[in-house]
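The structure under discussion appears below in the form of structure tokens.
The values are calculated or read from the model by the stated rules, or taken from the named source; none is laboratory data. Since this is a predicted model, take the numbers as computed values, not measurements. Cβ atoms come from the backbone with ideal geometry, glycine included; neighbour counts cover every protein chain shown. When the accessible area is computed, the model is the full protein with side chains, heavy atoms only, and any ligands, DNA or RNA have been set aside. Shrake-Rupley method; radii C 1.70, N 1.55, O 1.52, S 1.80 Å.
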Amino acid sequence: MEFGLATSSFLGTQVIPATLFCRRARAVSLTVTASGSYNRSRNDKIYTRLDSCLVIPPPPRFKKPRAIVKFLGGAFVGAVPELTYSYLKELLAKEGYLIVSVPYNVTFDHEQAAKQVYERFNSCLDTIVSSGIPTANLKPEDVAELPLFSVGHSNGALLQVLTGSYFAEKIPKVNAIISFNNKSATEAVPYFEQLGPLIQQMLPIVEASPVYEMARNASGDVLKLLLDTAGTTILNNDQEALKSFTKLVDQLPSVFGEVGQGVSEFRPSPLENRNCFKCSYSVPHTLLVQFNSDAIDETDLLEETLRPRIESIGGTLEKVRLNGNHLTPCIQDPKWQIGSVYTPADAVAQALKTIPLSETRVLSRTIVDWFRRFED
């Protein structure tokens, strides 16, 4: 769990995702036109939930997908990928890929999280291979024998590398590892050692909070009102997005509880992870992506760790450095609509329009160009 992302970004000192602060932004979703491209609409969405995963098929102009892409987001934000990574995943899907996002529970036990992701993804993959995706007019034969690729960002990048090290079967042919981070808890979270006693005192208050109880138990309409009040843009009338947010809220006491019980380090430790990578990483082809304004990135150290192992198995390892920062994969393209009364929240929404999307598009193009080298 990479708390640099979770604490400084998810909890509010940075904008992640951009939609978190604009209570008057109207909800949007995506639909597919007859010409085979994605357009915005009010009531439709392009994703399907299968088992515990979120699936985005390519547009209909592709007779079958080019490959299946397993997608893992960062800590906390990866639990609601329909809100936090929709733009990047839409770009990848438009290129012909079948995107399967795997939500996972945030925990200090990275081994447990990696195994959870592995099981959830392969359960979903078995369903796709046996039944196709009827809502996207994809038959089992359309997805049979497709290559398996993967994308991981931040904590999701760590979990992708761990998965490729723990397992030798049913692993991707190609990994795209973005903003890798494997810091210790004390490095990832300033003053972490002092958090335990504080959180232990706070936990009963969090669990007793009426906001928490509302988030866990509220009906769809009430929860949607809560999310709007909190400033989150959700997909219009999308009960599945509401369920995702509820699952995210449910994780908070568990994480706080681990800290309150004296957990002081991620398991396995960063050194144990690196030793595991050196001996066991088995994904043949890996692209490492780092951004030029990412203070918590450890891609260089990962490259040093992986290169001997990948060369020993006859694989390929490349590293690219792009313009952007740790949050670039989470940048969204919301269609803001100002209310009848202009408010400070509307001013924030307007300001967010100026955030450049070009860096996210370059990231998508870089990943796609890498994937295409290994599709045959």
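Model label points for Ala168 and Lys139, set 7 angstrom from Cα along the Cα-to-Cβ axis, are 3.7 nm apart. Taken as Cα centroids, segment 119-174 and segment 73-98 sit 15 Å apart, rounded to the nearest whole angstrom.
Short to long, the 10 Å bins of the Cα pair-distance histogram for segment 77-123 hold 25, 44, 28, 3 percent of all pairs. Amide hydrogen proximity for Ile99: with H placed 1.01 Å from N in the peptide plane, the residues at 5 or more positions away or on another chain lying under 5 Å are Ile56, Val69. For Ser130 and Ala295, FRET efficiency with R0 = 41 Å and r from the beta-carbon atoms, rounded to 0.05? Efficiency, from the Cβ-Cβ distance: 0.35.
Across segment 267-293, the residues whose backbone nitrogen lies under 18 Å from the label position 7 Å along the beta-carbon direction of Glu304 are 270-279, 288-291.
Extension gain for the segment Ser358 to Arg267, taken as residue separation times 0.36 nm less the Cα-Cα distance, is 29.1 nm to one decimal.
In segment 39-138, the portion of solvent-accessible area held by carbon and sulfur atoms comes to 45 percent [1.4 Å probe, whole percent, DNA, RNA and ligands not counted].
The listed residues Ser130, Ser364 rank as Ser130, Ser364 when sorted by accessible area, largest first, using a 1.4 Å probe. Subtracting the Cα-Cα distance of Gln112 and Asn323 from their residue separation scaled by 0.36 nm leaves 72.6 nm.
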